[in-house]
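See below for the structure under consideration.
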Amino acid sequence: MIISFVFVLSLAGGFYFFMYERFTWEISGYRSNPDLKTVRPDWKGNPVNPQGRFLNENLEPLPGFSDLLKWQREPNPQKAEKKTDTFRLKVTKNSDFLSNNEDCVVWLGHATFFIRLNGVRILTDPVLESPSALMKRYSALPVAVSELKDMDYIIVSHDHRDHCDEKSLKTLAPQNLNATYLTGLGLDTLLNNFTKNPNIQAAGWYQTYQTDTSKIEIIYLPARHWARRYLNDTNKNLWGAYLIRANGKSIYFGSDSGYGTHYQDFAKYFGGVDVALLGVGAYKPEWFMSASHAGPKDAVRAAHEMKAKRMIPMHYGTFDLSDEPLGDCYRSLQKLQKAPQNQGLIQLAGVGEVIKL
């Protein structure tokens, strides 16, 4: 089975904690950042268990350690296809978008996007090369790393290494001295260690970051996922998604998430979104992965439920993290595009392609 060893170790460590450290799936309290505004009136804060570890909104537990072992033992029905798959994402080498002032979204690979909205420059989950020697990168960065400078905000959605990369953050820090880092509860300490930048805001779900609201509004929102960076820190840091709004335009950055009721809640509380950046990869085998990574079908379902006008898929084609072949998501999305109910919804962006808003 061809799987990223680092990814498996991360899963294994997390499930070891759930299995042997007596992780309890019950609420003992709620946490939020008292310095940030909560926009959902009935929201108590993020639920935590008696150990102070964060929980998913509906208390959905992850698969157990025995499930992880089962995944590693069972045959991959797509093994032969995966071995011969030559798919690569189309990469357009282009940095012109960095020097103009147009509202746009540019996919830089995996979950990394450059977003400019109302003149505000944002970078999401910057992973600019392979996070480790054991995790090969299959799509090149479309710009030179040195050109990713003068950002206003750098988003780090959660602590997994394919979203929170120490080397990338340390490289970006001196190029973005005036940037503010936006993350979830608990992760501010790690980001400060990496960047030496005191301008870090850590939010709970449904909390608005402190920004110049005449220019932009950014809200941290629920995702169905989990967190783990080291051996004994499972769910000590929060995970989440983002809503970015300015000048009547809106973007949802979904980061990592399994399918859940939070997409329907999004439509209920925010009324929809212009562009949804949704993860579709690292989803097979679905019986095991769907709890924390939506596949193409679930992501499209989520886009409909959250009333997205456009969906740009991400989190596929850059790293090999699970059982599906590298091109599996792309081919599945091409088929889904043809369904009458999906006409005009799914936009398969190339890496480096400028999507104007």
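The values are calculated or read from the model by the stated rules, or taken from the named source; none is laboratory data. Just so you know, these numbers come straight off a predicted model, no measurement behind them. For neighbour counting, all protein chains shown are included, and Cβ atoms are generated from backbone atoms with ideal geometry for every residue, glycine included.
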Item checked: Contacts under 7 angstrom Cβ, first residue in the stretch 25-47 being more than 18 Å from Leu243 (Cα to Cα), partner among the aromatic types (Phe, Trp, Tyr), 6 or more apart -> Lys44/Tyr30; Pro47/Tyr30
Check: If you go through the stretch 73-91 one residue at a time, how many are closer than 30 Å to Phe113 by Cα, surrounded by 15 or more Cβ atoms within 10 Å (Cβ to Cβ) and not charged (D, E, K, R)?
Finding: 3
Next item on the list: Please determine, by comparing only the residues of the stretch 125-147 that are β-branched (Val, Ile, Thr) and buried (at least 16 other Cβ atoms within 10 Å of the Cβ), which one is farthest from Leu278 (Cα to Cα).
Entry: Val143
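Could you please find all residues in the stretch 235-257 being buried (at least 24 other Cβ atoms within 10 Å of the Cβ) and more than 21 Å from Met289 (Cα to Cα)?
First pass over the stretch 235-257, keeping only residues buried (at least 24 other Cβ atoms within 10 Å of the Cβ): 235, 237-242, 244, 251-257.
Within the stretch 235-257, Tyr242, Ile244, Ile251, Tyr252 qualify.
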Notebook entry, point to check: Within the stretch 214-229, how many residues are touching a residue at least 60 places away in the same chain (Cβ under 8 Å) and assigned to a loop (DSSP other than H, G, I, E, B)?
Noted result: 9
Next item on the list: Find the residue count for the stretch 66-124, including only residues that are in contact with a Leu (Cβ under 8 Å, 6 or more places away or on another chain) and without any contact (Cβ under 8 Å) to a residue 12 or more places away in the chain.
Entry: 0
Note to self: I'd like the full set of residues that are farther than 24 Å from Gly204 by Cβ and β-branched (Val, Ile, Thr), limited to the stretch 131-190.
What the structure shows: Val143, Val145, Thr171
Notebook entry, point to check: Does the stretch 164-183 contain at least one residue that is buried (at least 22 other Cβ atoms within 10 Å of the Cβ), modelled with pLDDT of 95 or more and on the phi > 0 side of the Ramachandran plot?
Noted result: no
Item checked: Hey, Pro61 of a type outside the set (Lys, Arg), under 22 Å from the mean Cα position of the chain (by Cα) and not in a loop (DSSP other than H, G, I, E, B) or not -> no
Check: In the set Gly279, Gly327, Gly317, which member is within 26 Å of Asn58 (Cβ to Cβ), touching a Phe, Trp or Tyr at 6+ places or on another chain (Cβ under 9 Å) and modelled with pLDDT of 95 or more?
Finding: Gly279
Notebook entry, point to check: Which one of Ser250, Ser290, Ser255 is in contact (Cβ under 8 Å) with a residue 12 or more places away in the chain, in contact with a Gly (Cβ under 9 Å, 6 or more places away or on another chain), of a type outside the set (Phe, Trp, Tyr) and over 29 Å from Glu74 (Cβ atoms)?
Noted result: Ser250
Margin query: Need pairs with beta-carbon distance below 6 Å; first residue closer than 16 Å to Tyr206 by Cα and within the stretch 262-287, second acidic (Asp, Glu); sequence gap 6+ or separate chains.
Written below: Tyr263/Glu305; Gln264/Glu305
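Determine if the stretch 311-324 includes at least one residue that is surrounded by fewer than 17 Cβ atoms within 10 Å (Cβ to Cβ) and assigned to a loop (DSSP other than H, G, I, E, B). Working first, answer last.
Looking only at the stretch 311-324, we keep the residues that are surrounded by fewer than 17 Cβ atoms within 10 Å (Cβ to Cβ), and these are none.
Within the stretch 311-324, none of the residues are surrounded by fewer than 17 Cβ atoms within 10 Å (Cβ to Cβ) and assigned to a loop (DSSP other than H, G, I, E, B).
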